[in-house]
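J.: Before I ask anything, here is the structure I am working with.
The values are calculated or read from the model by the stated rules, or taken from the named source; none is laboratory data. Here the structure is a predicted model, which is why all the values come from computation and not from measurement. Cβ: placed from backbone, ideal geometry, glycine included. Neighbour counts: every protein chain shown.
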There are 2 protein chains.
Amino acid sequence: MISRVLTAELAEHAGQRVTIAGWVHRRRQLKSVSFLVVRDRAGLAQVVVVGEPPGLPREESVVQVTGTVRTGPRAPGGVELVEPEIEVLSEPSEAPPFDLYRPVVAAGLPTILDHAPVALRHPLLRAPLEISAASVAGFRQALDGLGFTEIHTPKIVGSATESGANVFGIDYFGRPAYLAQSPQFYKQAMVGVFERVYEVGPVFRAEPHDTVRHLAQYTSLDAELGFVRDHRDVMVVLREVVAGMLESVRGRAAAAVDLLGAVLPEVPSEIPAIHFTEAQKLTDSEEPDLSPAQERWLCEWAVREHGSEFLFVTGYPMEKRPFYTHPDPARPGYSNGFDLLFRGLELVTGGQRLHRYDDYVAALDGDVAPYEGYLQAFRYGMPPHGGFALGLERWTARLTGAANIRQITAFPRDLHRLSP
Amino acid sequence: MISRVLTAELAEHAGQRVTIAGWVHRRRQLKSVSFLVVRDRAGLAQVVVVGEPPGLPREESVVQVTGTVRTGPRAPGGVELVEPEIEVLSEPSEAPPFDLYRPVVAAGLPTILDHAPVALRHPLLRAPLEISAASVAGFRQALDGLGFTEIHTPKIVGSATESGANVFGIDYFGRPAYLAQSPQFYKQAMVGVFERVYEVGPVFRAEPHDTVRHLAQYTSLDAELGFVRDHRDVMVVLREVVAGMLESVRGRAAAAVDLLGAVLPEVPSEIPAIHFTEAQKLTDSEEPDLSPAQERWLCEWAVREHGSEFLFVTGYPMEKRPFYTHPDPARPGYSNGFDLLFRGLELVTGGQRLHRYDDYVAALDGDVAPYEGYLQAFRYGMPPHGGFALGLERWTARLTGAANIRQITAFPRDLHRLSP
């Protein structure tokens, strides 16, 4: 390995001669002194070159710089490298389409996305991906601590059964097949094996609308657990998971959070929950689902009334939930399904599922043939269970305040975009 | 949550009245005493029912049993539940197609795979998936500790550029697209952003051959890192990763390892490495690649000569490696690519990659148009870098001694199989 210290570690080496390596983030050549700002995975460091402009490597050159660590109030971050020897490891073949050293990338979103491999090097565009990575680590850690087992399930499925619409078709060795819209059926089946399972993986939606919050591929954080009394046990686990994700972001992505000025929410020890009918009353509505405007209003209400940025809405009407949703035994027509709203938007959908074979047959009006593989698990004894799915990109967008989900997705896929 | 203790915790509650929950693994009704073996995610527990056969719930019923914990040498595992109250939470609608309580599932592999949701409940079939989950946790932990960042990359790509063959075609909003065969291009691009990245995700191969070691979808453990001197730095990281995976399996999946009688390998502090030309000499070959028989022979040789079940073969001929492979500057025609062999089989492929734009243009004979998105990162300065990919299912099969990779894959996809 190239022997080096990271820029963030320089202060620990004051007075010593050390080597750093990274990209030339910026060069500034003045008459008698020049500066090279070097960017590595940990941050930025200033290199001071005294004397005539020496023909410094241009921006995005990859360099290795050996110099003496000098601390002082004039250096950015209180530390810089002086008396440098600079070695160029690799040179760009052309200048980037925008300056990465400016506070923000001076380009529209389509240009940024077209040049994602270089645009993502900008600290402001990289930071959300650090928050994503930390979030996923927190998701897993919380569930590992609760006895969950990680699974990996098929993304190619034989029938478009889950929702029927918005599926991508594949040519599977000459047969029609489809990209999985979720691991729903598999995670339920695996409750029969491990009781508690989770999966972090891509899901695919042939979403024909061009919106700021839909992608054709996104990363779904899925969990499912057995031996619940009802959906409320799932909500308790979800609360732990969200708290764990935020704790991980605070611990592992603190610099990214600071850089973005993101304000992380507090998770109440018990997230406020209202029944769907109560949400209807509050928003003066009789519709069987909540509109985006109603979701926004309810989130403001939860902040105002409960001091919580999170709000559970439970008991959505059965007609608006998928067929595997468990009804509320006490309120015909309403379900044991819930949404978790956060900052104006649905963030998580979950609920208790049916667990008896006969209930599935009834829910499907006897049309079980296309669901044969799915229903198998329920033929052989399944415990009461439930789970939830959280879209990683939507979560990160909400945390960072990104207006468009594409801003925080490394290489988004949508109706129009298939590269890079 | 249903308030209960796990079967594995029963011994801690000797003499107490506790509740367990799980599946009826086996019932045995005798004249004056009956036994119910309950299976939960932690193991098995015996419940003793004294008196006339009471009509116990049949196998795979989901039950909750409250009883008194009695320890004694006659109980399996030294502990059992007596004076039980049994509540049936859910009944199977039919008997499983094979007995799950037998030492092995008495069915052929196709039958087992057709009934995966229930077959995987068998402790011997579940255990490999526990080893998989522990392996992935170890993979991430090792790389997290080395400053790697987790990424999630597109599985739908616009051109079938990486290898050209064996790709699945998709209808992407009326345009042709393909399922990604690896995250190769994206992980390289992300080295420009994070320097060190990894991804755990599905990859897709339209593998037209029906073999015991190929799947149409598998889980690829990918890592890529910048600022390497050459491929040997990648090999050092890979050694740490493999050791971390095994440590995690020992720690998190000890029961599964015991149950399967799997013998975990030791990882030498330095894995022996031989150059491809040396491997040719040893196997008396002049072919530009190693055959399966040669790989087996070399693995036996490494055990014999070096006491290692792992063997690196480095310097494969350039003609047999993908175009992004970095050549060996000292030996024209040979590469800085390597394979890691383990127990007779190639387990990991890796190497140093090209990092200069001009080198890519030359490697592609100027035919850069289909690679435009990929090559972007290299236009703007990339450090010397390399990486590797390890197939999770292949790893688990080798660790557990499974003859067919389908035995240790929850819901395999292949030429013939698209469900469940």
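J.: Listed residues A:E52, A:E85, A:E80, A:E12; which is outside the structural domain of A:R121 (by TED's automatic domain parsing) and closer than 21 Å to B:G226 by Cβ? Spell out the reasoning first.
T.: Details: A:E52 fails: closer than 21 Å to B:G226 by Cβ; A:E80 fails: closer than 21 Å to B:G226 by Cβ; A:E12 fails: closer than 21 Å to B:G226 by Cβ.
A:E85 is the lone residue from the list that is outside the structural domain of A:R121 (by TED's automatic domain parsing) and closer than 21 Å to B:G226 by Cβ.
J.: Right, B:V267: within 30 Å of B:R250 (Cα to Cα), part of a strand (DSSP E or B) and either in contact with a helix residue (DSSP H, G or I) (Cβ under 6 Å, 6 or more places away or on another chain) or of a type in the set (S, T, Y) (or both) or not? So that I can check it myself, show each step before the final result.
T.: Values: within 30 Å of B:R250 (Cα to Cα): yes; part of a strand (DSSP E or B): no; either in contact with a helix residue (DSSP H, G or I) (Cβ under 6 Å, 6 or more places away or on another chain) or of a type in the set (S, T, Y) (or both): yes.
No; evaluated as a whole, the condition is false for this residue.
J.: I need the strands (runs of 3 or more DSSP E) fully contained in the range A:39-114, keeping only those with at least 2 residues that are in contact with a Lys or Arg (Cβ under 7 Å, 6 or more places away or on another chain). First the steps, then the outcome.
T.: Details: elements: A:43-50, A:62-71, A:79-90.
Because the criterion is at least 2 residues that are in contact with a Lys or Arg (Cβ under 7 Å, 6 or more places away or on another chain), the strands (runs of 3 or more DSSP E) in the range A:39-114 that meet it are A:62-71, A:79-90.
J.: Also: Has the range A:76-87 got any residue that is modelled with pLDDT under 95 and either in contact with a Cys (Cβ under 9 Å, 6 or more places away or on another chain) or at negative phi (or both)?
T.: Within the range A:76-87, the first condition is being modelled with pLDDT under 95, and the residues that meet it are A:76-78.
Right, trim to either in contact with a Cys (Cβ under 9 Å, 6 or more places away or on another chain) or at negative phi (or both) and you get A:76.
Yes, the range A:76-87 contains a residue that is modelled with pLDDT under 95 and either in contact with a Cys (Cβ under 9 Å, 6 or more places away or on another chain) or at negative phi (or both).
J.: Next question, about the same structure. Only one of (1) farther than 27 Å from A:A134 by Cβ; (2) at pLDDT below 95; (3) not acidic (D, E) is not met by A:V228, so which one is it?
T.: Here A:V228 clears every test but (2).
J.: Could you list all residues from the range A:240-297 that are within 30 Å of A:P332 (Cβ to Cβ), loosely packed, with under 13 Cβ neighbours inside 10 Å and either under 21 Å from the mean Cα position of the chain (by Cα) or of a type in the set (A, V, I, L, M) (or both)?
T.: Within the range A:240-297, A:P292, A:A293 qualify.
J.: To continue, here is another question. Which residue, of B:E59, B:E85, B:E12, B:E94, is surrounded by fewer than 18 Cβ atoms within 10 Å (Cβ to Cβ) and within 12 Å of another protein chain (Cβ to nearest Cβ)?
T.: Working: B:E59 fails: surrounded by fewer than 18 Cβ atoms within 10 Å (Cβ to Cβ); B:E85 fails: within 12 Å of another protein chain (Cβ to nearest Cβ); B:E12 fails: within 12 Å of another protein chain (Cβ to nearest Cβ).
Residue meeting the stated conditions: B:E94.
J.: Take A:E278 and decide whether it is free of Cβ contacts under 8 Å to residues at least 12 places away in the same chain and part of a loop (DSSP other than H, G, I, E, B). Talk me through it step by step, then tell me what you get.
T.: Working: free of Cβ contacts under 8 Å to residues at least 12 places away in the same chain: yes; part of a loop (DSSP other than H, G, I, E, B): no.
Here the answer is no, as A:E278 does not meet what is asked.
J.: Can you find, within the range B:187-202, the residue that is farthest from A:A137 (Cα to Cα) among those that are out of contact with any Lys or Arg (no Cβ under 8 Å at 6 or more places or on another chain) and within 10 Å of another protein chain (Cβ to nearest Cβ)?
T.: Going residue by residue through the range B:187-202, those that are out of contact with any Lys or Arg (no Cβ under 8 Å at 6 or more places or on another chain) are B:187, B:189-191.
Checking the rest, the ones that are also within 10 Å of another protein chain (Cβ to nearest Cβ) come to B:189-191.
Working: B:A189: 22, B:M190: 19, B:V191: 20 Å.
Ranking the qualifying residues of the range B:187-202, first place goes to B:A189.
J.: Give the residues of the range A:145-167 that are facing chain B (nearest Cβ under 7 Å) and under 22 Å from the mean Cα position of the chain (by Cα), sorted by residue number.
T.: A:T149, A:E150, A:I151, A:H152, A:T153, A:P154, A:K155 - these are the residues of the range A:145-167 that are facing chain B (nearest Cβ under 7 Å) and under 22 Å from the mean Cα position of the chain (by Cα).
J.: If I go through the range A:400-416 residue by residue, how many of them are buried (at least 20 other Cβ atoms within 10 Å of the Cβ), more than 7 Å from chain B (Cβ to nearest Cβ) and either out of contact with any helix residue (DSSP H, G or I) (no Cβ under 8 Å at 6 or more places or on another chain) or among the basic types (K, R) (or both)?
T.: 1
J.: How many residues are under 25 Å from A:W23 (Cα atoms) and small (G, A, S) if we restrict to the range B:223-259?
T.: Residues in the range B:223-259 being under 25 Å from A:W23 (Cα atoms) and small (G, A, S): 2 in total.
J.: When both residues are 6+ apart or on different chains and their Cβ atoms are under 8 Å apart, which pairs have a first residue that lies in the range B:26-47 and is outside the structural domain of B:L81 (by TED's automatic domain parsing) and surrounded by 21 or more Cβ atoms within 10 Å (Cβ to Cβ), and a second that is part of a strand (DSSP E or B) and not hydrophobic (A, V, I, L, M, F, W, C)?
T.: none
J.: Now a separate question. Go through A:R343, A:R331, A:R353 for me and flag whichever is assigned by TED's automatic domain parsing to the domain that holds A:Y186 and crowded, with 20+ Cβ neighbours inside 10 Å. Spell out how you get there, then give the answer.
T.: Working: A:R343 fails: crowded, with 20+ Cβ neighbours inside 10 Å; A:R331 fails: crowded, with 20+ Cβ neighbours inside 10 Å.
None of the others qualify; the one that does is A:R353.
J.: Considering only residues that are out of contact with any Pro (no Cβ under 9 Å at 6 or more places or on another chain) and under 17 Å from A:A42 (Cβ atoms), look in the range A:102-124 and name the one that is surrounded by the fewest Cβ atoms within 10 Å (Cβ to Cβ).
T.: Ranking the qualifying residues of the range A:102-124, first place goes to A:P123.
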